[in-house]
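See structure below.
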Amino acid sequence: MTQRLRQAPSAVAAAIVSMLVAGCQGSQPAMPASVPEAPATTRVIFGAAPGSIPRGVPVDEEYRREFERCDRENIFRNQLMTGFRRCSGDPNRLTALDRLDDGTISFDAKLGLDIDGGFKALTDPGLTDLRDTSYRYPDGSSVYSDTVPYVVIPQGSDFSRLTGIQIGDIGVVLDGSKAIPILVADRGPANKIGEGSIALFEAIGDSRCRTWQDPDRKTRCSDIRDASLNRNVRYLLFPNSKIAGLTPQTVNQRVAEEALRRFETLKAAAPGP
């Protein structure tokens, strides 16, 4: 999960707490208005043929190798990473960081779990779990990990400066023949890359939720298995792709429509065999 210090509760957190209090009083709580009732608009494209997408050219091999060094030695930018910032226990496995001809950023890395903004982070947070993601909707509310497939990018200026990717941009995650549209919604430590939301793991089909409070809808995960996938996935992120006016109710549909449109364009432009 994203390893940053916790911050003050947001309006979403207050809504969740109110919901729980109501439940304890015997009433049936309603989901906060800012949380989609179910990830019904999460879309997965099968038969995506990710191998047809070219690899592009390296963005900055010196920068990429910093992640490899952290995996081996827990050193990043000549600084020793200690505690939750150590890489060796959950290596980044960043094997490629490329730019395609159209500017799309492509990288291969692990997929770890980020629950920021989700039900457990709001109600029973761990040391590094945050109640809010870096991306905020126009109304100030946060992205909900349980229902919105999102990914995390490194903090600091290096990643965004080198790639052009900013919070609010969109993309797809490729796992085998699956393509899952995603929002770039959170930032993690500068020496960590490759994390995604509870909903992204659900869309991939490799759940990290042990207990759903509402198993029929899967919007409130109260117990997680905090473990990365045992394989790399490929991330395709589109610079300057931020969609204006997203809301908690429309985010999945609008991100899916635009991200998959861009992905199909990318595939169509790929050279034939």
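Listing for the model above:
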item	result
Leading residue by the ranking (nearest to Glu61 (Cα to Cα)) among those in region 75-117 that are open to solvent by 80 Å² or more (accessible area, probe 1.4 Å) and not charged (D, E, K, R)	Thr95
Which numbered condition Pro271 fails, given (1) modelled with pLDDT of 95 or more; (2) in a loop (DSSP other than H, G, I, E, B); (3) not β-branched (Val, Ile, Thr)	(1)
Evaluation of Glu62 against (1) among the acidic types (Asp, Glu); (2) more than 23 Å from Arg231 (Cα to Cα); (3) in contact (Cβ under 8 Å) with a residue 60 or more places away in the chain (one fails), failing number	(3)
Residue match in region 125-137 (condition: at pLDDT 95 or above, surrounded by fewer than 21 Cβ atoms within 10 Å (Cβ to Cβ) and assigned to a loop (DSSP other than H, G, I, E, B))	yes
Enumerated strands (runs of 3 or more DSSP E) restricted to region 172-266, each holding at least 2 residues that are open to solvent by less than 10 Å² (accessible area, probe 1.4 Å)	178-188, 195-197, 233-238
Matching option when the condition is within 17 Å of Ile165 (Cβ to Cβ) and out of contact with any Pro (no Cβ under 8 Å at 6 or more places or on another chain), among Ser207, Ser222, Ser228, Ser241	Ser241
Residue match in region 31-54 (condition: modelled with pLDDT under 50, of a type in the set (Gly, Ala, Ser) and open to solvent by less than 50 Å² (accessible area, probe 1.4 Å))	yes
Pairs with Cβ under 7 Å, 6+ apart, first in region 190-217 and without any contact (Cβ under 8 Å) to a residue 40 or more places away in the chain, second of a type in the set (Lys, Arg)	Arg210/Arg225; Trp212/Lys218; Trp212/Arg220; Asp214/Arg220
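The values are calculated or read from the model by the stated rules, or taken from the named source; none is laboratory data. What you are looking at is a predicted structure, and each value in this text was computed from that prediction instead of being measured. Glycine gets a Cβ as well: all are built from the backbone with ideal geometry, and neighbour counts include every protein chain shown. Just the protein is used for accessible areas: all its heavy atoms, side chains included, with ligands, DNA and RNA removed. Shrake-Rupley method; radii C 1.70, N 1.55, O 1.52, S 1.80 Å.
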